[in-house]
Amino acid sequence: MKMSQDWAKSLNPALESFTPKGFEALWPTMPKDVMEGIMGKTFNPEGLDSKTKLLLTLGALTILGAQAEAQIRMTVRHAIEAGATKQEIAETIALVGVFGGVPAMTKAMELASSVMDAEGGED
């Protein structure tokens, strides 16, 4: 880890204080219509909608051990914007917990809950 930090600092001294939360703050939540246009059925009308793709992404991030905290929070935030309910988000995480393990499922659920509590939204 230290070697990576030293490398980043040598490339750009400003990276020394970079945190994933800083990146997260720079990435706004895309409106539902924009998400659907970019990753939904616009270019593939018979394909998956953006909400489904975001729930699949959330599942994959959970299976990987829920180590990408900023990415999980951003995916949950965008899934809510795309129309996912709290129940669908929780069910997605619980379903893949069998493959990712209980620690990954628990961490992903905590991260998702923090976003859902902050966002409010549909239950």
The residue from T75, T85, T42, T62 that alone is among the polar types (S, T, N, Q), surrounded by fewer than 19 Cβ atoms within 10 Å (Cβ to Cβ) and in contact with a helix residue (DSSP H, G or I) (Cβ under 7 Å, 6 or more places away or on another chain) is T42
Residues of the range 81-95 being more than 15 Å from M109 (Cβ to Cβ) and either under 11 Å from the mean Cα position of the chain (by Cα) or of a type in the set (D, E) (or both), in sequence order, are E81
Checking A70, A104 in turn, the sole residue that is in contact with an Asp or Glu (Cβ under 7 Å, 6 or more places away or on another chain), modelled with pLDDT under 95 and not charged (D, E, K, R) turns out to be A70
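The values are calculated or read from the model by the stated rules, or taken from the named source; none is laboratory data. Note that the coordinates shown come from a computational prediction; the quantities given were computed from them, not determined experimentally. Methodologically, a virtual Cβ is constructed for each residue, glycine included, from the backbone with ideal geometry; neighbour enumeration extends over all protein chains shown.
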